[in-house]
Amino acid sequence: MKFNTNPVRGTVDYLPSEMEVRSYAEKIIVDTYKENGFLQIKTPILESLDLLTNGDSGDNQKLMFKTVRRGEKLNLSKPNLTEADITEEGLRYDLTVPLVRFFANNREKLTFPFKAIQIDEAFRAERPQKGRVREFTQCDIDILGEASPIAEIELLHAGIKAYERLGFKNLTVKINDRRILNEIIVKSGFKISDVETICVSLDKFDKIGYDGVESELSQNGFNSDGIKKLIETFKALKSASNNSESFKMLGELGISEEVISNLKLIIESVSACISDNFRLIYDSTIIRGQGYYTGTIYEVYDNEFGRAIGAGGRYDKMVEKFTDNSTPAVGFSIGFYSTVMLMIEKGIVVPNKKLALIYDKNNSYADIMQAKQSLIEKGYQVSTFAFPKNFNNFVQKIKQSNFTLLVKMQDINKIISL
C-alpha cells in the first residue's frame, strides 16, 4: 500500500538547512531574552478545556484542536452525544493561557515581578497560507507583577534587540491601547458590553478592510449610525502623518490624557534605546482580537512583509480571573515561523563552521576518526563522507545543507572554503 508522505495539512517538514536557521534563531532569541533578565519555563502542550475555553482568547478558541476522551471515559453508546461528552482536553492555541495557569500553580516559588521566557509549540486550526501554519512555535516573554510602563518598555526593548541580532534592519512596531479602543467604541454609541465582540471584527481591518468590517458589524446586528461613526473615526486616525498628530486627534476625541501620556512614554523610552532602523508608531487599527487584553497592544511588522511577525500586549485581569488575586501582566511574542521564513528569504547568513571530511578506501576507520576528533577540537562541526563519484554534484549538495568548509584526508591541513 502506498502512503501519502506529505505532512498533515498545516504542518511542515524542516530540511537540515532550514533547521540550521531555526536553531540559530532560537539561540539568538533565548540568549537575548536571558541577558535581559527573563527566566525560561516550560508548560505542557495539553491543557484542560475548562482553562482553554475561559481564556477570553477571541477567535483563537474557535481554532482549538480538542482531544477525544480515552478508555472508559469515552462512552459512544450514550444517547444524544454532545462535544462535551467526547472531549476532555485541548492543544494549547497560545502560550499566554498556560502561563497564567503555571503562575497560579507555582506562585509561591517565583520572584516578583516574574519575568518568563516560553519558546514552544502551539496549535490552531487556521487556513494555511504563507507565514501561517497550524503547528507553530511561539517565542514569548512576559512580565507578571509589574503595573508600570517599564514592563512594556523592557519587553519591546528585548524583542526588538532580538530581531536586530537576527539580521532584521527595517521593522515597525505599531502600538495602540485597548482603553483607547474602548473609549472610541463607546463614544461611537455602543455599550461597553459590546466592546469585546466589536473588537473581534475590528481585528480584521488588515484582512477585509473598512468595508468588510462595516459589513460584519452590520451582520452582527449593531446600529448602522454607530458603525458609520466608528469607521469614520478609524479612517480619520489612520490619516495622521505622525505620532504627534495622532495623539492630538485622540485628545480632540476626548480620549483620556493619562492613557495617551502612557503611550507617549513607552514610544519615547523604547525609541531612545534602539537603532534608528526601527520605528514605533501609534496605529489605531491595531486591535488584537483576544478578549484578555486590557491596555497597551502592539504588533511588529517587517516593512517588506504584509503581516505581523510579532505581537503582544497587557492583560491585567487574566490572572485574577483564574486565581482571584489581582496581578498585572504584559507579554511580547516573536512569530517564529514567519520570522525564520523571512530570514531565509532575505538570505540572512547563519554563521557556522560545518566541515565535510572526505576519505577514500585507503584510509582506515581509526585514522578517519582521529582526524575528525582533531578537527572537532579546533572548533569545527565535522561530518565524514566517502569520496563521491561526482565530486562537483556532491559539493553543491553539501552547500545546500549549509556546509561552508571541506577537507580531504590526503591533504588534511588544506581546508577549502565552499
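The values are calculated or read from the model by the stated rules, or taken from the named source; none is laboratory data. Keep in mind that this is a model prediction, so the values were computed, not measured. All Cβ positions, glycine included, derive from the backbone under ideal geometry; neighbour counts span all protein chains shown.
Checking the stated criteria, N220 turns out not to satisfy the condition of being surrounded by fewer than 13 Cβ atoms within 10 Å (Cβ to Cβ), farther than 30 Å from I344 by Cα and not aromatic (F, W, Y). The residues listed here are D50, D94; of these, the one that is free of Cβ contacts under 8 Å to residues at least 12 places away in the same chain and of a type in the set (D, E, K, R) is D50. Counting residues in region 38-51 that are surrounded by 17 or more Cβ atoms within 10 Å (Cβ to Cβ), closer than 22 Å to H157 by Cα and at pLDDT 85 or above gives one or more.
Here E83 does not qualify as surrounded by 22 or more Cβ atoms within 10 Å (Cβ to Cβ) and charged (D, E, K, R). If you take the residues of region 348-386 that are surrounded by fewer than 18 Cβ atoms within 10 Å (Cβ to Cβ) and of a type in the set (K, R), which of them is nearest to N170 (Cα to Cα)? Checked region 348-386; the qualifying residue nearest to N170 (Cα to Cα) is K353.
Within region 389-411, the set of residues being farther than 19 Å from N352 by Cα and surrounded by fewer than 14 Cβ atoms within 10 Å (Cβ to Cβ) comprises K389, N390, F391, N392, N393, Q410, D411.
Taken over region 10-47, the criterion of being touching a residue at least 12 places away in the same chain (Cβ under 8 Å) and of a type in the set (S, T, Y) is satisfied by T11, S17, Y24, T32, Y33, T43. Assess whether E245 counts as being in contact (Cβ under 8 Å) with a residue 60 or more places away in the chain and either more than 19 Å from R307 (Cα to Cα) or of a type in the set (D, E) (or both). Criteria not met by E245. Restricting attention to region 184-194, which residues are buried (at least 19 other Cβ atoms within 10 Å of the Cβ) and not polar (S, T, N, Q)? Passing the criteria: I184, I185, F190.
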